[in-house]
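See below for the structure under consideration.
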Amino acid sequence: MKPRPPFGLAAAAALGATFVLLPGVGLLSRIPWDRLPALLASPLVADATRISLLVAGGAAILAGLLGLPLAWLLARARFPGRALVRSLVVLPMVLPPVVAGIGLLAAFGRRGLLGGPLRALGVELPFTTAAAVLAAAFVAFPLFVLPVEAGIRSLDPRLEDAAATMGASRWYALRRVVLPLLIPSLSSGLILAWARALGEFGATIMFAGNLRGRTQTLPLAAFEVSQTDPAAGIAISAVLVALSVLVLIALRGRLFR
Amino acid sequence: MRRDRPSRHGGIVGALAVLLLAGACAGRGSAGSDRRELVVLAAASLTEAFEEIGANFEQEHPRVTVTFSFGPSDGLAAQIREGAPADVFASASPSWMDDVEENGPGILHRADFARNLLVVITPPDDPGHVSTLKDLARPGLRLVLAAPGVPAGDYARQILERAGIADRALANLVSNEEDVKAVVQKVLLGEADAGIVYRTDVTPAVEDTLRTVEIPAEANVIAVYPIGVVASSEHPTLARAFVEEVLGPGQEILRRYGFLPPP
């Protein structure tokens, strides 16, 4: 059994826990339970939920597709500037999201670095659902790469060698030996990226704008509605809290390992 | 290697402390304990004019700091309803002033202090080929407006109604922006083909990088701006003095930024 903590420590820890929990409790206390079903069934909330699930899912997949090779390289390869690349990958995590939005416009906007080539292909990203996916994938990227890189690093390379000596092709070893072992870190990365994408606000409103049914995600809807109809804003927030709790259940403490 | 770790962490804590101190000192100057802060919540469209009026007010009241919070009037009204500390509220529409009077702490010394007109703005190279208001109805144009509920957004929708192009123009809407300055920004960046903003938003700072298309008088809406002291203000006398400043010497500044005199 662990020793009982001293009273002072327990009190300070309780203060910390209260600080983190109180906003959630405040939200719960404001939920208009009698109006909640009607508010949640409103077309605005339904549209925002649909867009949010689409955007967060798309962003997690995009971050995964773009992030997996990079995580592999960072975990396994030795090359000059590796430490720098590794630090830069984390940039979206520390960058203010609004700055990320300005950066995305500067890169993928109509007048951005890739604006011309994209337009030549008939693609104009800003104000589209694709732009919202891109913004969310950008901020979620490190949350996928970091746990997956750690997962690959903890793999014993001798397992692959062993598979090779037993005649497995590289592809077969990857599929039957490596990927199954990576499933826990891959799912952690995807869930964390999904959760971060779900909460994305600043980069989205800068880069993708705010239009119902196209780029208005749940956080954007909560922001817009809470100024004119506070009860509806609280109801949308309740949906987001519920989804976040689901994420925590899905992770079940995997965050702390 | 292991031995230098604690000192490195100590360095991080030290750096944070230095940043914190720098933040605490920045802009404080010789702030004494008798210095009073006047919090003014004002519609985003008032940003430039009110900053100038606030600077004058601070010169006339040496122990007073005027702190502005500019944003969409509906958002500012919501903050006041929720008990945000505010001494003066200046709204871009009477309806959000009514809201604070009816559902919030109340407003004292309410007065209309300015009027404003709206214009269509486009990037200088006019990618959407907008020469009149009616062009906003052309399919494929990318239009941004302030969100419904934001006065500039409501006025813009009224204008489109009056011009008889609301359905087709709103089909071109690509974003509901949080306030009118965000509409200006999206057009400035060239991401949107057109937006509807106040005439006063085309400030000297942006007039070279925006193109303005006038809205015909029969379709245009005249926005009326009310100001007043928030009834829960802790500095009611000072707040009243600021309202008087806006109604008096501030009028010349508002005129210079393109606002029309109150009705």
| request: For chain A, just say rounded, prolate or oblate: build the C-alpha gyration tensor, square-root its eigenvalues into a ≥ b ≥ c, call rounded for a/c under 1.5, and beyond that prolate if a/b exceeds b/c, oblate if not. | output: oblate
| Taking the alpha-carbon set of the stretch B:49-145, what are its Rg and Dmax in Å? | 18.6, 56
| Segment B:Lys134-B:Gln59, extension gain: residue separation times 0.36 nm, minus the distance between their alpha carbons | 22.3 nm
| request: Would you mind ranking B:Lys186, B:Lys134, A:Lys2 so that the residue whose beta carbon has the fewest other beta carbons within 10 Å leads the list? | output: A:Lys2, B:Lys134, B:Lys186
| In debye to the nearest 20, how big a dipole does the stretch A:36-256 give about its Cα centre with +1 on each Lys and Arg Cβ and -1 on each Asp and Glu Cβ? | 620
| Across peptide B:171-178, how many C-beta atoms of other chains are within 10 Å of each residue C-beta, on average? | 5
| message | Only counting other Cβ atoms within 10 Å, I'd like B:Ile107, B:Ile12, A:Ile61, A:Ile236 sorted with the fewest neighbours first. | response | B:Ile12, A:Ile61, B:Ile107, A:Ile236
| Selected from B:Pro151, B:Ala90, B:Gly128, residue furthest toward positive end of dipole (the stretch B:69-164; charges at beta carbon) | B:Gly128
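Counting other C-beta atoms within 10 Å, and keeping those with at most 11, which DSSP coil chymotrypsin sites (Phe, Trp or Tyr not before Pro) do you find in the stretch A:103-189?
Here no loop site has a sparse enough neighbourhood.
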| Label-point separation (nm) for A:Val247 and A:Leu66, each offset 7 Å from Cα along Cα-to-Cβ? | 1.8
| Cross-link partners of B:Lys134 among lysines (Cα-Cα below 22 Å; sequence separation of 8 or more within a chain) | B:Lys186
| request: Can you find, among A:Gly58, A:Val85, A:Trp72, the residue farthest towards the positive end of the dipole of the protein assembly as shown? Put +1 on the C-beta of Lys and Arg, -1 on that of Asp and Glu. | output: A:Trp72
| message | Sorting check: for B:226-232, B:16-22, B:202-208, which peptide has the highest mean count of neighbouring beta carbons within 10 Å, and how do the rest follow? | response | B:226-232, B:202-208, B:16-22
| request: Report the FRET efficiency, 1/(1 + (r/R0)^6), for A:Ala77 and A:Arg175, where r is their Cβ-Cβ distance and R0 is 22 Å, rounded to 0.05. | output: 0.60
| request: State log₁₀ I(q)/I(0) for chain B at q = 0.07, 0.14, 0.15 Å⁻¹ as given by the Debye formula over alpha-carbon point scatterers of equal weight, solvent excluded. | output: -0.31, -0.94, -1.03
| message | Given N residues in the stretch B:118-214, what is its alpha carbon radius of gyration divided by 2.2 N^0.38 Å? | response | 0.93
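How large is the charge dipole for the protein assembly as shown, taken about the Cα centre, if only the Cβ atoms of Lys, Arg (+1) and Asp, Glu (-1) carry charge, to the nearest 20 debye?
Its charge dipole is roughly 3360 debye.
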| query | Does the stretch A:84-230 come out rounded, prolate or oblate by the C-alpha gyration tensor, with a ≥ b ≥ c the root eigenvalues, rounded set by a/c under 1.5 and, if not, prolate when a/b is larger than b/c and oblate if not? | reply | prolate
| query | Translational D (Stokes-Einstein, µm²/s) of the protein assembly as shown at 4 °C and 1.567 mPa s when Rh comes from the Kirkwood sum over C-alpha pairs? | reply | 49
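No value in this document is a laboratory result; all are computed from the given coordinates. On a predicted model such as this, the values are computed, not experimentally measured, just so you know. Because the Cβ atoms are built from the backbone with ideal geometry, glycine has one as well, and the counts that use them run over all protein chains shown.
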